[in-house]
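Structure, as structure tokens:
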Amino acid sequence: MAKFLTLTDKCNLRCAFCYEISPDGAEHTFEAEAASFGPELYAAMHDEGWRDVVITGGEPTIMPTFFEAIAESKRQGYERIIVASNGRRFAYPDFTRRAHQAGLTHANISIFGHDRVIHDGTTKVRGSFEQTSAGIRNLVAAGIDVSCSIVVNRRNVETLEPLMDHIWSLGARRLLVMGLKPFGGAFTERERVFYDFAWGAPFVNAALRHGLARGFEITTMGLPSPPFDVSGTIDDNIRALKYFDYVLKRLNMDVPYCKGHLCDRCFGRQVCAHGADPGQLLICKCKLVTEQTIREAVQAGASTVRQVRDRTDACTGCTTCAPDIKHLIRCEREGRPYDPRDVPLPGATRHGASDATGLTLAGGLREEPAETPEARP
């Protein structure tokens, strides 16, 4: 885990499943002020103990504050300075060189297909496949540690093996293979991006075995097992569950807009009050401790978060699980139902948390002219 420094919610792609895309078409307007970087990074390191930082968005490389964010992270002594990016701007060697000189140590680059038909069809920007591929090559050549993120979806699920071969040819040796999140663009384009797990799992499982045999270090996130076989990979499902929990708590509606549409294909149903079985809602995402288990601990005499931890092995050290447990203790003692939305969390999400009544599926490929090396960013 790392400190996330979000520069913007804007992007130079419009990926079909992007959770930053509001399903009601709201414009992206967020831009972090550079003056906020220093205090935010200082507090994250000295108050929360983070040593790594992920500079993210939206697409952080399109912001004029991108290099300043890297430099400030380096000045404050962060050990790993990581960018989460679509890689397009790193297609320009000068841009890559400048990022490296500023202090960038790692890059996580999203790539969704082994050719332009699949990748550009997903990003809805023509030329993005060539740019992202060139960006990965340039980052590797610059000595920056590169991992590649793959979001498994209906468009690429049958061709994951050639995608891994393509990534290997670019020089990256680490992969993050992720499941879909049913928010934002993924909800509005659900018929295009979601797939039946029973049908798709054999393709995913074969690709994971293929990638491991190749020599990749693979992290998986949001792929339920079964039917997915994630043995041999690094399991990062805790982060996926916490993300789902955060978004669901911030939806300003009695019932999530995705309810009834994707529940059978949603990894996050365990943390959804409308998706989990009675009593099986996960309160502690770190240790997978359910509502029923914690209620039984309270009934047996536990009255504090620490006492619940001692009886159930639930997590008490993070900023999400402990407030949930504390609120559930109160609900059990007062004889009332637990509603995750009553748990206060800092900040607010921009990830498509709005009403989707009357929405129709988004259109097809939006073609835009590719940038050329002459059109310097």
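Listed values, structure above:
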{"item": "Burial ordering of SER169, SER22, fewest other beta-carbon atoms within 10 Å first", "result": "SER169, SER22"}
{"item": "Choice from PRO323, PRO60, PRO256 with maximal GNM fluctuation in the chain (Cα, 10 Å cutoff)", "result": "PRO323"}
{"item": "Relative packing of peptides 272-281, 26-35, 125-134 - highest average C-beta neighbours within 10 Å first", "result": "125-134, 272-281, 26-35"}
{"item": "For region 82-208: rounded, prolate or oblate by the Cα gyration tensor [a/c cutoff 1.5]", "result": "prolate"}
{"item": "Prolate/oblate/rounded label for region 282-342 (Cα gyration tensor, a/c 1.5)", "result": "oblate"}
{"item": "In degrees, nearest ten, helix 128-141 long axis to first principal axis of the chain (Cα)", "result": "90"}
{"item": "Relative contact order (%) - criterion: Cα under 8 Å, at least six apart; region: the chain", "result": "17"}
{"item": "Helix-only [θ]222 nm of the chain, DSSP H runs n ≥ 4, -39500 (n - 2.57) each, per residue, nearest 500", "result": "-10500 deg cm²/dmol"}
{"item": "Among HIS119, HIS261, HIS46: highest mean-square fluctuation, GNM of the chain, C-alpha pairs under 10 Å", "result": "HIS46"}
{"item": "On Cα atoms only, tilt of 237-250 relative to the major axis of the chain in degrees", "result": "70"}
{"item": "Linear extension gain, LEU288 paired with ARG80, 0.36 nm per residue minus alpha-carbon span", "result": "72.0 nm"}
{"item": "Cα centroid separation - region 122-193 against region 5-57, whole Å", "result": "20"}
{"item": "Folded to 0 to 90 degrees: helix 37-46 orientation relative to the chain principal axis, Cα", "result": "50"}
{"item": "Residue with peak Gaussian network fluctuation, the chain [Cα springs, cutoff 10 Å], from GLY268, GLY301, GLY184", "result": "GLY301"}
{"item": "10 Å-binned pair-distance histogram of region 146-278 (Cα, whole percent)", "result": "12, 42, 32, 12, 2"}
{"item": "Proxy reagent accessibility, fewest Cβ within 10 Å first, across MET164, MET45, MET253", "result": "MET253, MET45, MET164"}
{"item": "Extension reserve of the TYR42-GLU68 stretch, reckoned as 0.36 nm per residue once the Cα distance is removed", "result": "7.9 nm"}
{"item": "Cut-off 15 Å between beta-carbons: net charge of the residues surrounding GLU191, Lys and Arg +1, Asp and Glu -1", "result": "+2"}
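Read-outs throughout are calculated quantities, based only on the coordinates presented, and are distinct from any laboratory measurement. A quick note: this is a predicted structure, and the numbers were derived from the prediction, not measured. Heads up, the Cβs are rebuilt from the backbone with ideal geometry, glycines too, and the neighbour counts pull from every protein chain shown.
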